[in-house]
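Participant: The structure that follows is given in the form of structure tokens.
The values are calculated or read from the model by the stated rules, or taken from the named source; none is laboratory data. Remember, predicted model here, so these are calculated numbers, not experimental data. Cβ: placed from backbone, ideal geometry, glycine included. Neighbour counts: every protein chain shown.
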Amino acid sequence: MSLERARASLARLRALTEAPAPPPRALALPTETALELFESQLYCRLTDIEAHELRARGEGFYTIASAGHEGNAALGRLTRTSDPALLHYRSGAFFFERARQAAGVDPVRDLLLSLTASADDPISGGRHKVLGSVPLGIPPQTSTIASHLPRAVGMAVSLGVAARLHVGEPRPSDSIVVCSFGDASLNHSTAQGALNSAAWTAYQRLPMPLLFVCEDNGLGISVRTPASWVETSLRRFHGFGYFAADGWNLAETFEATQQAVHACRARRAPVVLHLRCRRLWGHAGSDVDTEYRSTGEIARAEEDDPVLRAALDLLSAGTLDPRALGERLDRALSRVRAASDDAVKRPRLTTRLAVMAPLAPARPALVAAEARRGGYGNPPEQAEKPRTLGLSIRAGLYDLMTKYRELLVFGEDVAQKGGVYGVTGGLHKAFGPGRVWNTLLDEQAILGMALGAGSLGLLPFPEIQFLAYLHNAEDQLRGEAATLSFFSNAQLKNPMVVRIAGLGYQKGFGGHFHNDDSLAVLRDLPGVWVAVPSRGDDAVKLLRTLAAAAKVDGRVSAFVEPIALYQTRDLYAEGDGQWTFPFPAQGEALDPGEVGVYGPEDGQLAILTYGNGVPMSLRVRRRLAAEGIAARVIDIRWLAPLPEAALYAHARETGRVLVVDECRRSGNVSEGIAACLLDDPATARVRFARVAAADSFVPLGDAARLVLPSEDEILSAARALARD
């Protein structure tokens, strides 16, 4: 259905080249501007038509078109390549028009390589059809359902922060961020949260130079957007400028866009550009929209075809005559078809290794050197004094903020209060509100801020107050943070270290929102590191490596801090102080895969654990020793990727493995370790057992102990395994 309609739109353009000139009318735009904008619109349309032709031949893989939205070419002309643009998938004409600003960028070639999933595609390397380009300042977005809006908010805030800290790419002081989206996406909670956080920031008179562009065609696939809903919704946000135009009227769109861009640059505040559009075809090539649209509605949309209307304007003004229009159409068709013929002959990705190569390219030697680089400041006062986990993390963050001027700490309550547990106490006073600040209560906004900051060369350390709160925003890690390197073929990065207070065993406080015992969602993110410390000195050394990986490789990491261990001082008996440790000297760090080992080389079994499980297992180890059972305890530290070499080595050496997993039995660490050991013939026959949390949420009060692993359970399992 869409293929026939695509061909019909070309036929209507062709008919203009054979018809008498329309009644004369003055051109409302400068001649050269009008011609160039029309050319971008025309190439966008012809590329969309070719996408459907390629799909029909089985040579192309994407048919979500910009047809009817080509008025956004005006936005591509009136913004700069130094204005980051996060684009809706129907903003193709923007891409074509902005390409005029960068020598050597051929948008026709680039998009056809992307449509055919060619490995030569200059942005994604054949991994997805995206509107993206490094020289054009367009980070790639895939199927954007508002997930890019929090990043856009973060980028808008970070423009000023990066300039003030002299970090990242130099940009004009009046640069803005552009973010386009559809009317249906406006209703997504992610969009509403981003709009709200932009308004919240602007309300405090803080710079927020963000141009929101809603391309409103009135349809979310088949679901109608109520009349006037978009305007009513967007106008309610405090401090926003609002401009609107009919996207099929190029002159009107150009004028409104010009006003909106100027207002955003001058006011440094959020501005909305509401472009009313018509969707000419189905949502995508497979969408039979005649099931929910009448023939009359489709005909009215075709009357407002922006490419057709722009051509009529040029003909009416005498800028083009029918013959000249036909020549332009023929040249454009020839160029598009030649690029298409070439694209289908280009190589595609043919191996798993090639597909995965840009997930998270690593330079471990450089990361290790950076983690151990010293000479940047003085150690904390009384560095030799043993510290708890919480105090060590605080000192470690201070140390890293001294080392990296671009390192930012932000999240709910992290500034004056120092976080719920005081871990960030003193950082706001030491480094000021430009590097340590409170955010609103919105985890999507917090991670979006990190995405934007990392994209502009900063080093964000956002805090998520509790692990359970991450679930409100986990797609910002999965769909945005973890994918940028993959879909940009490793050309773009958004480094960050996400600090998350979590796990169980808190006493006198909790319930499932404060004792979340599952890390499955974090361990499932390709290319993302997950580290869990159990003691203070390890925490500092892990943070140094995570910061170095973010700095050197653009790595995204999650650092999960066991809340119950923040203030723990004792290990075996009250007052022994054996779970406090001196602050590590500069030059000390823990490499990925480096585990902690407690116990004899000739142990009868290895207890593999992490976080709260480490001190618990050490106490069990002492009880086992009293019974004549020698066990070694392995602090895994790295939960994604798992330290496989160490796991294999300790399993082979002891022949018996007990995994103590404080997360739930299904889907978490113990399953991963079991599968890892089974994959290696040398460890597949090792005696294996595990103690894990029940597949339950954690209840309030003493009942929590009924679903979390206990030391008695660990002891019982270890005895049975050792004597088997």
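Participant: Six or more apart or on different chains, Cβ atoms under 7 Å: show the pairs whose first residue is in the range 267-292 and within 20 Å of Gln192 (Cβ to Cβ) and in the same structural domain as Asp305 (by TED's automatic domain parsing) and whose second is aliphatic (A, V, I, L, M) and part of a loop (DSSP other than H, G, I, E, B).
Facilitator: Ala269/Met208; Pro270/Met208
Participant: Do you know which residues across the range 402-455 are polar (S, T, N, Q), part of a helix (DSSP H, G or I) and more than 25 Å from Gly479 (Cα to Cα)?
Facilitator: Initial filter on the range 402-455 (polar (S, T, N, Q)): 402, 416, 424, 438-439, 444, 455.
Next, from what is left, pick out any that are part of a helix (DSSP H, G or I): 402, 444, 455.
Matches in the range 402-455: Thr402 only.
Participant: Within the range 1-18, count every residue that is surrounded by fewer than 15 Cβ atoms within 10 Å (Cβ to Cβ), over 16 Å from Pro322 (Cβ atoms) and small (Gly, Ala, Ser).
Facilitator: 1
Participant: Pairs needed: first member in the range 584-610, under 16 Å from Val657 (Cβ atoms); second member anywhere, among the hydroxyl-bearing types (Ser, Thr, Tyr) and not in a loop (DSSP other than H, G, I, E, B); C-beta distance under 8 Å; at least 6 residues apart or different chains.
Facilitator: Sorted first by the residue in the range 584-610, then by its partner, the pairs are Gly603/Thr654; Gln604/Thr654; Leu605/Thr654; Ala606/Thr654; Ile607/Ser617; Thr609/Ser617.
Participant: Within the set of pairs 6+ apart or on separate chains, which have a first residue in the range 196-215 that is closer than 29 Å to Arg90 by Cα and touching a residue at least 12 places away in the same chain (Cβ under 8 Å), a second that is aromatic (Phe, Trp, Tyr) and crowded, with 24+ Cβ neighbours inside 10 Å, and C-beta atoms under 9 Å apart?
Facilitator: From residues that are closer than 29 Å to Arg90 by Cα and touching a residue at least 12 places away in the same chain (Cβ under 8 Å), the pairs are Ala198/Phe212; Phe212/Phe181; Val213/Phe94; Val213/Phe181; Cys214/Phe181; Glu215/Phe181.
Participant: OK, next. Is it the case that some residue within the range 681-693 is at pLDDT below 95 and in contact with a Phe, Trp or Tyr (Cβ under 6 Å, 6 or more places away or on another chain)?
Facilitator: Yes, because at least one residue in the range 681-693 is at pLDDT below 95 and in contact with a Phe, Trp or Tyr (Cβ under 6 Å, 6 or more places away or on another chain).
Participant: Look at Val659 and say whether it is assigned to a strand (DSSP E or B), within 16 Å of Ser716 (Cα to Cα) and touching a residue at least 12 places away in the same chain (Cβ under 8 Å). Don't jump to the end; show me each part of the working.
Facilitator: Values: assigned to a strand (DSSP E or B): yes; within 16 Å of Ser716 (Cα to Cα): yes; touching a residue at least 12 places away in the same chain (Cβ under 8 Å): yes.
Yes; evaluated as a whole, the condition is true for this residue.
Participant: Could you look through the range 658-682, keep only residues that are out of contact with any Cys (no Cβ under 7 Å at 6 or more places or on another chain) and either outside the structural domain of Ala630 (by TED's automatic domain parsing) or among the β-branched types (Val, Ile, Thr) (or both), and pick out the one that is farthest from Leu647 (Cα to Cα)? Walk me through it before giving the result.
Facilitator: Residues of the range 658-682 out of contact with any Cys (no Cβ under 7 Å at 6 or more places or on another chain): 658-668, 670-682.
Of the ones still in play, those that are also either outside the structural domain of Ala630 (by TED's automatic domain parsing) or among the β-branched types (Val, Ile, Thr) (or both) are 659-660, 673.
Values: Val659: 11, Val660: 14, Ile673: 8 Å.
Ranking the candidates gives Val660 first.
Participant: All but one of (1) touching a residue at least 60 places away in the same chain (Cβ under 8 Å); (2) in contact with a His (Cβ under 8 Å, 6 or more places away or on another chain); (3) more than 29 Å from Ala34 (Cα to Cα); (4) crowded, with 18+ Cβ neighbours inside 10 Å hold for Leu234; state the number of the condition that does not hold.
Facilitator: So Leu234 meets the others, but not (1).
Participant: When the residues of the range 366-417 are narrowed to those that are among the small types (Gly, Ala, Ser), farther than 29 Å from Gln465 by Cβ and more than 26 Å from the chain's Cα centre (by Cα), which ends up surrounded by the fewest Cβ atoms within 10 Å (Cβ to Cβ)? Write out each step before concluding.
Facilitator: Just the residues of the range 366-417 that are among the small types (Gly, Ala, Ser), to begin with: 368-369, 371, 374-375, 377, 383, 390, 392, 395-396, 411, 415.
Narrowing the set further to residues that are farther than 29 Å from Gln465 by Cβ leaves 368-369, 374-375.
Keeping just the survivors that are more than 26 Å from the chain's Cα centre (by Cα) gives 369, 374-375.
Numbers: Ala369: 13, Gly374: 11, Gly375: 7.
Restricting to residues being among the small types (Gly, Ala, Ser), farther than 29 Å from Gln465 by Cβ and more than 26 Å from the chain's Cα centre (by Cα), the top hit is Gly375.
Participant: If you don't mind, there's one more thing I want to ask. Looking only at the range 70-88, how many residues end up being closer than 23 Å to Leu210 by Cβ and not in a loop (DSSP other than H, G, I, E, B)?
Facilitator: As a first pass, look at the range 70-88 and keep what is closer than 23 Å to Leu210 by Cβ: 71-88.
Applying the additional criterion that residues be not in a loop (DSSP other than H, G, I, E, B) yields 71-78, 85-86.
Of the residues in that region, 10 qualify.
Here is a yes/no grid of residues against (1) hydrophobic (A, V, I, L, M, F, W, C); (2) farther than 23 Å from Glu671 by Cα; (3) not assigned by TED's automatic domain parsing to the domain that holds Pro122; (4) not in a strand (DSSP E or B):
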position: Phe486; (1), (2), (3), (4): yes, yes, yes, yes
position: Ala490; (1), (2), (3), (4): yes, yes, yes, yes
position: Asn494; (1), (2), (3), (4): no, yes, yes, yes
position: Val498; (1), (2), (3), (4): yes, yes, yes, no
position: Tyr505; (1), (2), (3), (4): no, no, yes, yes
position: Gly511; (1), (2), (3), (4): no, yes, yes, yes
position: Asn515; (1), (2), (3), (4): no, no, yes, yes
position: Ser518; (1), (2), (3), (4): no, no, yes, yes
position: Val521; (1), (2), (3), (4): yes, no, yes, yes
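Participant: Still on this structure, I have one more. In this structure, is Ala564 in contact with a helix residue (DSSP H, G or I) (Cβ under 8 Å, 6 or more places away or on another chain) and outside any loop (DSSP other than H, G, I, E, B)? Steps first, please.
Facilitator: Values: in contact with a helix residue (DSSP H, G or I) (Cβ under 8 Å, 6 or more places away or on another chain): no; outside any loop (DSSP other than H, G, I, E, B): yes.
Here the answer is no, as Ala564 does not meet what is asked.
Participant: Specify which of the listed residues (Ala606, Ala547) is small (Gly, Ala, Ser) and assigned by TED's automatic domain parsing to the domain that holds Ser518. Break it down into steps so the answer makes sense when it comes.
Facilitator: Numbers: Ala606 fails: assigned by TED's automatic domain parsing to the domain that holds Ser518.
Just one listed residue meets the conditions, Ala547.
Participant: Moving to a separate point now. Without any contact (Cβ under 8 Å) to a residue 60 or more places away in the chain and either under 28 Å from the mean Cα position of the chain (by Cα) or in a helix (DSSP H, G or I) (or both): is that true of Ala11 in this structure? Step through it out loud before you land on a result.
Facilitator: On the way: without any contact (Cβ under 8 Å) to a residue 60 or more places away in the chain: yes; either under 28 Å from the mean Cα position of the chain (by Cα) or in a helix (DSSP H, G or I) (or both): yes.
Considered against the rule, which asks whether it is without any contact (Cβ under 8 Å) to a residue 60 or more places away in the chain and either under 28 Å from the mean Cα position of the chain (by Cα) or in a helix (DSSP H, G or I) (or both), Ala11 comes out as yes.
Participant: Identify all residues within the range 310-333 that are among the hydrophobic types (A, V, I, L, M, F, W, C) and surrounded by 14 or more Cβ atoms within 10 Å (Cβ to Cβ); write none if there are none. Step through it out loud before you land on a result.
Facilitator: Keep residues of the range 310-333 that are among the hydrophobic types (A, V, I, L, M, F, W, C), which gives 310-312, 314-315, 317, 320, 324-325, 329, 332-333.
Matches in the range 310-333: Ala310, Ala311, Leu312, Leu314, Leu315, Ala317, Leu320, Leu325, Leu329, Ala332, Leu333.
Participant: While we're here: Scanning for something surrounded by fewer than 18 Cβ atoms within 10 Å (Cβ to Cβ), of a type in the set (S, T, N, Q) and not assigned by TED's automatic domain parsing to the domain that holds Gly168, does the range 453-474 turn up at least one residue?
Facilitator: Yes, the range 453-474 contains at least one residue that is surrounded by fewer than 18 Cβ atoms within 10 Å (Cβ to Cβ), of a type in the set (S, T, N, Q) and not assigned by TED's automatic domain parsing to the domain that holds Gly168.
Okay, residues lined up against (1) in contact with a Ser or Thr (Cβ under 8 Å, 6 or more places away or on another chain); (2) modelled with pLDDT of 95 or more; (3) more than 23 Å from Asp246 (Cα to Cα):
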{"residue": "Asp304", "(1), (2), (3)": "no, yes, no"}
{"residue": "Ala311", "(1), (2), (3)": "no, yes, no"}
{"residue": "Asp330", "(1), (2), (3)": "no, yes, yes"}
{"residue": "Ser334", "(1), (2), (3)": "no, yes, yes"}
{"residue": "Arg348", "(1), (2), (3)": "yes, yes, yes"}
{"residue": "Leu366", "(1), (2), (3)": "no, yes, yes"}
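Participant: Select, from Thr439, Thr424, the only residue that is β-branched (Val, Ile, Thr) and more than 23 Å from Phe583 (Cα to Cα).
Facilitator: On the way: Thr424 fails: more than 23 Å from Phe583 (Cα to Cα).
None of the other options fit; the residue is Thr439.
Participant: Quick check, is Leu590 of a type outside the set (Phe, Trp, Tyr) and in the same structural domain as Ala684 (by TED's automatic domain parsing)? First the steps, then the outcome.
Facilitator: Details: of a type outside the set (Phe, Trp, Tyr): yes; in the same structural domain as Ala684 (by TED's automatic domain parsing): no.
No; evaluated as a whole, the condition is false for this residue.
Participant: Quick check on Asp679: is it over 25 Å from Leu522 (Cβ atoms) and either surrounded by fewer than 19 Cβ atoms within 10 Å (Cβ to Cβ) or within 37 Å of the chain's Cα centre (by Cα) (or both)? Before you say what the answer is, go through the steps one by one.
Facilitator: On the way: over 25 Å from Leu522 (Cβ atoms): no; either surrounded by fewer than 19 Cβ atoms within 10 Å (Cβ to Cβ) or within 37 Å of the chain's Cα centre (by Cα) (or both): yes.
So Asp679 does not fit the description; no.
Participant: Within the range 334-350, count every residue that is surrounded by fewer than 18 Cβ atoms within 10 Å (Cβ to Cβ) and not in a loop (DSSP other than H, G, I, E, B).
Facilitator: Summing the residues that are surrounded by fewer than 18 Cβ atoms within 10 Å (Cβ to Cβ) and not in a loop (DSSP other than H, G, I, E, B) in the range 334-350 gives 7.
Participant: How about the range 250-264: which of its residues are touching a helix residue (DSSP H, G or I) at 6+ places or on another chain (Cβ under 7 Å) and surrounded by 19 or more Cβ atoms within 10 Å (Cβ to Cβ)? Walk me through it before giving the result.
Facilitator: Here is the first cut: in the range 250-264, the residues touching a helix residue (DSSP H, G or I) at 6+ places or on another chain (Cβ under 7 Å) are 250, 253-254, 257-258, 261.
Residues satisfying the conditions are Leu250, Thr253, Phe254, Thr257, Val261.
Participant: State yes or no: is Arg685 in the same structural domain as Gln604 (by TED's automatic domain parsing) and in a loop (DSSP other than H, G, I, E, B)? First the steps, then the outcome.
Facilitator: Details: in the same structural domain as Gln604 (by TED's automatic domain parsing): yes; in a loop (DSSP other than H, G, I, E, B): yes.
Here the answer is yes, as Arg685 does meet what is asked.
Participant: With respect to Ala67, is the statement that it is of a type in the set (A, V, I, L, M, F, W, C) and part of a helix (DSSP H, G or I) true?
Facilitator: Details: of a type in the set (A, V, I, L, M, F, W, C): yes; part of a helix (DSSP H, G or I): no.
Against the criterion (of a type in the set (A, V, I, L, M, F, W, C) and part of a helix (DSSP H, G or I)), Ala67 does not qualify.
Participant: Sticking with this one: Within the range 136-249, which helices (runs of 4 or more DSSP H) (wholly inside it) include 3 or more residues that are among the polar types (S, T, N, Q)? It would help to see each step written out before you state the result.
Facilitator: Values: elements: 149-165, 189-203, 229-235.
Of the helices (runs of 4 or more DSSP H) lying wholly inside the range 136-249, those with at least 3 residues that are among the polar types (S, T, N, Q) span 189-203.
Participant: Still on this structure: Does the range 614-632 contain any residue that is under 17 Å from Phe688 (Cβ atoms), in a helix (DSSP H, G or I) and in contact (Cβ under 8 Å) with a residue 40 or more places away in the chain?
Facilitator: yes
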